[in-house]
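Working notes for the structure below.
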Amino acid sequence: MNNQQIPLLSARFEKALVYAAQLHAQQLRKGSQVPYISHLLSVAALVLEDGGDEDEAIAGLLHDAVEDQGGEATRQEISRQFGERVAAIVEGCTDSDTIPKPPWRERKQAYIERFRYAGSSVRRVSLADKLHNARCIATDYYSQKQATWNKFKGGREGTLWYYRSIIEAAREAGECSFLLQELATVIDYLENCP
């Protein structure tokens, strides 16, 4: 047996889980009846499975909080409760914190450019987010076929362009994680579906 200490999650993670559940309590996954917290839990799990630390896992739970639940005020609350590093990771994963949001393509292009130069923690959380989203699209495609794409502003072509661009930017940044490899596999599947 290995005598190496196993890092445990602290009460901060538990507090972030409760906070995320409260923030997103009334939110469902796009085009479904699935509670939004399922996505946040999946992203945090993927971050941990990729070797992420507690701050990154907390950012995984809160990665959509600024964008979907209050903008700058929520970012400040995240910083106050969980520290500036968590808030910075969340901010790096946020594609827009303004209402109304900028046009879809413009917003996604700006995110891709920021992602290209992001630090490893932002890339890890963002790739976990993209991987879980892509898995959900693939699951929906299995039962709904082409109708799956109707719930996305970019449609099939725009959505696949966006994911492929994230994959390319991650590779250009030297990323070589299971998150990236699995994301590429899921996107390959979706690109080749009839």
At Arg116 and Phe152, where each label point lies 7 Å from the Cα along Cα→Cβ, what is the point-to-point distance in nanometres? 2.1 nm
At 0.36 nm per residue, minus the direct Cα-Cα distance, what do Ala11 and Ser143 gain on full extension? Give it in nm, one decimal, please. 43.6 nm
Cα centroid separation - segment 127-176 against segment 23-81, whole Å: 18 Å
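With contacts defined as alpha carbon pairs under 8 Å and 6 or more residues apart, what's the relative contact order of the chain in percent? Please report the intermediate quantities before stating the final value.
On the way: 215 pairs, mean separation 36.2, N = 194.
Taking the mean separation of contacting Cα pairs over the length of the chain, I get 19 percent.
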Could you calculate the contour length gain from Arg85 to Trp161, that is, 0.36 nm times the residue separation minus the distance between their Cα atoms, to one decimal place in nm? 24.3 nm
Across every pair of different alpha-carbon atoms, what Kirkwood hydrodynamic radius in Å does the chain reach? 17.2 Å
Lysine pairs with alpha-carbon atoms under 18 Å apart, segment 11-192, spacing 8 or more or separate chains: 14
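Read the figures in this text as sums done on the coordinates, not as results from a lab. Keep in mind that what you see is a predicted model, and the values were worked out from it rather than measured. Don't worry about glycine lacking a Cβ; one is built from the backbone with ideal geometry, like all the others, and counts go over all protein chains shown.
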